[in-house]
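The values are calculated or read from the model by the stated rules, or taken from the named source; none is laboratory data. Note that the structure is a prediction, hence the values are computed from the model and not measured. Neighbour counts are summed over all protein chains in view; Cβ atoms, including those assigned to glycine, are modelled from backbone coordinates with ideal geometry. Surface accessibility is based on the protein's heavy atoms, side chains included, excluding ligands, DNA and RNA. Shrake-Rupley method; radii C 1.70, N 1.55, O 1.52, S 1.80 Å.
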Amino acid sequence: MMFFQVPVIAPDTWIAPNAVVVGDVDLFDKTSIWYGCVLRGDLNSIRIGAFSNVQDKTVMHAARTSPTGLSAATTVGRYVTIGQSCVLRSATVEDEVLIGEKCVLMEGSLVENHCILAPGTVLPPGRLVPSGQLWAGNPAKFVRNLTKDEKAEIAGIASAVFKTTDKHSSEFLPVGTAYIQAEKLKKSLEAQQQSS
C-alpha cells in the first residue's frame, strides 16, 4: 500500500507476473498489462479504460503537478493498444487509439479518439493529436488522416490482444528460485510418507 492508495483492478484484468502496478491505479474491464510493465501511481493517478492493453516493458507514471496547467494524471481510454517499450508521463489518450512501439508521451500531451502514433513517435509536453490522424517522428508531426477502415480496425486490435491472455495465464512459472527448494522439500516429505 503506497500512501494509503492501492490499485483497483477489475476481476477480468490480466497482469503479467513480472509487471509492477502500484499506487493510485485503476484498471477497468478486460485490460491487460504485459511482461515487464511498470504502472506507478505514486504521485498521481493512472486510469486505463476497458479493453485496453499495455504491452511489454512500457512505463506509465504521472507527475504530482503539470507545468502545462493540464491534468497531471495519466489517463488511457477504451480499446487502446500501447505498444512495447513506451513511456507515458501525465498524458491523456482517448478511446480507440493505437500507439506504436517505443513512443514517448510527455506531460500534458493529448491523443484524441481514433488516432495512430507510428513507432518511435515522441509527443512533447502539451502536444495535441487531433482525432482521426496518423502522427510520426521526433518531435511528432502530422502525417495524414486515417481512412475509415483504419479507424475501424483499432478496437479489433485491442480486443484481439486480450484474447491472447488465456494462453499466457497458464504458462508462467513462479518468480524466483524458491520453488526449487519447495519442490525438493515436497519430494522428501512424500518419500518419508511412503516409507512409513
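Report in % the part of the accessible area of the stretch 1-64 that belongs to carbon and sulfur, leaving out ligands and nucleic acids; probe 1.4 Å. Could the numbers behind the result be given before it?
Details: 1720 of 2850 Å².
For the stretch 1-64, the apolar C and S fraction of the accessible surface comes to 60 percent.
Cα gyration tensor of the stretch 8-101, axes a ≥ b ≥ c as square roots of the eigenvalues: rounded (a/c below 1.5), prolate (a/b > b/c) or oblate? Numbers along the way, then the final one.
Working: a/c = 1.45, a/b = 1.34, b/c = 1.08.
Note, shape of the stretch 8-101 comes out rounded.
When only C-alpha pairs under 8 Å and at least 6 residues apart count, what is the relative contact order of the stretch 49-99, in percent?
Working: 115 pairs, mean separation 21.7, N = 51.
Here the relative contact order equals 43 percent.
Count the net charge of all other residues whose Cβ sits under 14 Å from the Cβ of P67, scoring Lys and Arg as +1 and Asp and Glu as -1.
Numbers: positive: R64, R89, R127; negative: E107.
Residues close to P67 contribute a combined charge of +2.
Leaving ligands and nucleic acids out of the surface, order E153, E112 by accessible area at 1.4 Å, largest first. Numbers along the way, then the final one.
Values: E153 110, E112 50 Å².
Highest to lowest solvent-accessible surface, that is E153, E112.
Take every DSSP beta bridge with both residues inside the chain and express the antiparallel ones as a percent of the total, to the nearest 5.
Details: 5 of 46 bridges.
Around 10 percent antiparallel, to the nearest 5.
Please calculate how many Å² of accessible area the chain carries per residue, with a 1.4 Å probe and no DNA, RNA or ligand atoms counted.
Values: 10350 Å² over 196 residues.
Per residue, the chain has 53 Å² of solvent-accessible surface.
Under a 10 Å cutoff between Cα atoms, tell me which one of R64, R127, R78 has the largest fluctuation in the Gaussian network model of the chain.
Highest fluctuation of the listed residues: R64.
Over the alpha-carbon set of the chain, work out the extent along each principal axis and list the three values in angstrom, largest first.
The principal-axis extents, from largest down, are 75, 40, 28 Å.
First check a/c for the stretch 1-48, with a ≥ b ≥ c the square roots of the eigenvalues of its C-alpha gyration tensor; if it is under 1.5, answer rounded, and if not, answer prolate when a/b is larger than b/c or oblate otherwise. If you can, show how the numbers build up before the last one.
Details: a/c = 2.00, a/b = 1.37, b/c = 1.46.
Since a/c reaches 1.5 but b/c is at least a/b, the shape of the stretch 1-48 is classed as oblate.
Compute a Gaussian network model of the chain, connecting alpha carbons closer than 10 Å, and tell me which residue from K30, K167, K151 fluctuates the most.
Highest fluctuation among the options: K167.
Be a star and scan the stretch 80-114 for residues whose amide nitrogen sits under 20 Å from the point 7 Å along the Cα-to-Cβ vector of V8.
Under cut-off, by backbone N: 80, 90-95.
Over the chain, what is the mean sequence separation of C-alpha contacts under 8 Å (at least six apart), divided by residue count, expressed as relative contact order in percent? Walk me through the numbers before you get to the answer.
Values: 539 pairs, mean separation 24.8, N = 196.
Computed over the chain, the figure is 13 percent.
For D29, D95, D166, give the ranking by accessible area with the largest first, probe 1.4 Å.
Values: D29 85, D95 60, D166 120 Å².
The most accessible residue leads, giving D166, D29, D95.
What's the carbon and sulfur percent of the stretch 97-196's accessible surface, probe 1.4 angstrom, rounded to a whole number? Write down the numbers at each step before the final one.
On the way: 3600 of 6280 Å².
C and S atoms contribute 57 percent here.
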